[in-house]
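Read through the structure below, which is laid out as structure tokens, and then see the notes.
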Amino acid sequence: RDLECCTCAQRLAAMAEVLPLWMEHRRPDSVPKTSLRAGPSDEADYIKGASALNGEIVEVLDRSGPTAGYICVRLGLSLVEGWLEEQHLHARSCFDLVVDCGSGGTRVWRGTHRVAWPGGARAPVLAQSCQTSEGRAAFAAGLRSVCSVKGETCFIGATAGLRDALVNNVISMGDIEGLRELLPHGCMLRIVSPLQEAKMEIRAMRRFCDATDAMMSMGGKSMQLGREATMHSLPFAMYHGSGRLREGALPWRERVAAVAAFYKKSTEEAQKDQDIRLIEGRVVGVTDTLYVAEKLGVLNRPMAATEFL
């Protein structure tokens with residue numbers, strides 16, 4: 001019964017989303033850009049210095065439909081919010097390239113095919129690259145090589161690694177803006193919130209799994225858990241434990257015990273703060289849980305929760 005209610009709610013939400021999340025700005029005339037307006041009207045003031053370039057991918061903020069022939073958007077590079085005429089925006093259901101910038105590394109995808117970083121080198125961690133002007137320049141140069149096909153669009157999603165670096169003042173928003181200025185045309189850099197990250201992951205999972213399955217995703221510094229209507233993000237993951245195991249002069253058993261106590265305490269706090277309830281039914285592990293399952297010899301093998309724990 002609860003499941004049926006959740007499904008109905010999801011359907012109603014989907015019906016309200018008339019517009020896609022991403023749209024491409026493209027004018028039929030020779031004008032290379034369109035200025036944003038402060039409101040949905042031909043009389044509304046233009047926003048100074050804020051324009052969408054032809055070929056730029058913008059994020060639709062109000063997906064319920066146009067207002068008086070205008071759509072509320074956020075620009076892909078400058079992140080300025082405003083209104084563009086509906087006639088200049090075209091549906092864009094996906095990007096040609098997706099760059100997943102996690103805490104442990106960077107992965108580039110074209111569809112389901114992973115793209116190698118230029119020169120065959122390991123792609124740099126974005127949070128580390130942003131710390132210096134040289135690092136930002138090198139990251140942008142790598143992207144220019146990856147996005148070598150004219151007109152290709154690229155979504156760069158920065159997750160918990162960059163969020164953690166910002167919170168701990170390892171980098172600043174100025175560093176990120178410095179990188180944005182160097183990105184090739186057609187690239188969109190987003191700092192993805194915990195729940196946005198969860199929604200993207202479960203949307204991808206739905207292509208291969210049943211609509212009733214829950215998701216468990218593990219990254220380097222955060223984990224996502226649940227279903228669409230009840231999604232949670234836990235602000236800790238494997239790197240928190242691995243870091244504690246490597247530090248200090250305590251005997252190995254004591255370090256393991258300390259890590260176990262840390263995860264237990266962190267989980268209890270997250271359960272309380274987010275009101276995380278018992279998840280029933282089948283739970284599918286994705287992302288880095290697959291590497292752990294492979295090492296344990298349980299990849300693609302269904303198991304009861306008691307056996308898993």
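Figures for the structure shown
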quantity: Unit charges on C-beta of K, R, D, E only; dipole of the chain, Debye; calculated: 960 debye
quantity: Three-way shape label, region 255-309, alpha-carbon gyration tensor, a/c 1.5; calculated: oblate
quantity: The chain: angle of helix 252-274 to the longest principal axis, Cα-based, in degrees nearest 10; calculated: 50 degrees
quantity: 0 to 90° range, to nearest 10: angle between helix 194-205 axis and the chain longest Cα axis; calculated: 90 degrees
quantity: Neighbour cut-off at most 15 other Cβ (10 Å), DSSP loop, trypsin sites (Lys or Arg not before Pro), region 107-159; calculated: R122, K150
quantity: Region 266-299: trypsin sites (Lys or Arg not before Pro) in DSSP coil with no more than 14 other Cβ atoms inside 10 Å; calculated: R277, R282
quantity: Furthest towards positive pole of dipole, H25, P40, L299, structure part the chain, Cβ charges; calculated: L299
quantity: Dipole in debye (nearest 20) - region 249-296, about Cα centre, beta carbon charges: Lys, Arg +1; Asp, Glu -1; calculated: 200 debye
quantity: The chain, relative contact order in percent, only Cα pairs under 8 angstrom and at least six apart counted; calculated: 12 percent
quantity: GNM flexibility winner over the chain from G151, G226, G186 (Cα, springs under 10 Å); calculated: G151
quantity: Protein accessible area in region 151-273, 1.4 Å probe - carbon and sulfur %; calculated: 58 percent
quantity: Normalised contact order of region 80-209, rounded percent, pairs of Cα under 8 Å and 6 or more residues apart; calculated: 25 percent
quantity: Antiparallel DSSP beta bridges within the chain, percent to nearest 5; calculated: 70 percent
quantity: Matching label, mean projected area of the Cα convex hull in nm² computed from the structure shown, candidates (i) 16.0; (ii) 19.5; (iii) 21.2; calculated: (ii)
quantity: Shape call, region 97-233: gyration tensor on alpha carbons, a/c limit 1.5; calculated: oblate
quantity: Dipole magnitude of region 176-223, debye to nearest 20 (Cβ charges: Lys/Arg +1, Asp/Glu -1, about Cα centre); calculated: 60 debye
quantity: Longest site-free stretch - the chain; sites: GluC sites (Glu not before Pro), DSSP loop, at most 15 other Cβ within 10 Å; calculated: 44-180
quantity: Solution diffusion estimate, µm²/s, Stokes-Einstein, region 125-172, Kirkwood Rh from C-alpha pairs, 10 °C, viscosity 1.306 mPa s; calculated: 135 µm²/s
quantity: For region 19-95, the fraction of alpha-carbon pairs in successive 10 Å shells from zero, as %; calculated: 22, 59, 19, 0
quantity: Highest-fluctuation residue, M173, M238, M218 considered, GNM on the chain with Cα pairs under 10 Å; calculated: M173
quantity: Where region 124-255 is the region considered: accessible area per residue in Å², 1.4 Å probe; calculated: 50 Å²
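The values are calculated or read from the model by the stated rules, or taken from the named source; none is laboratory data. Fair warning: this is a prediction, and the values are worked out from it, not measured in the lab. Glycine also receives a Cβ, built like all others from the backbone with ideal geometry; neighbour counts cover every protein chain displayed. Note: accessible area is taken over every heavy atom of the protein model, side chains too, but ligands, DNA and RNA are not part of it. Shrake-Rupley method; radii C 1.70, N 1.55, O 1.52, S 1.80 Å.
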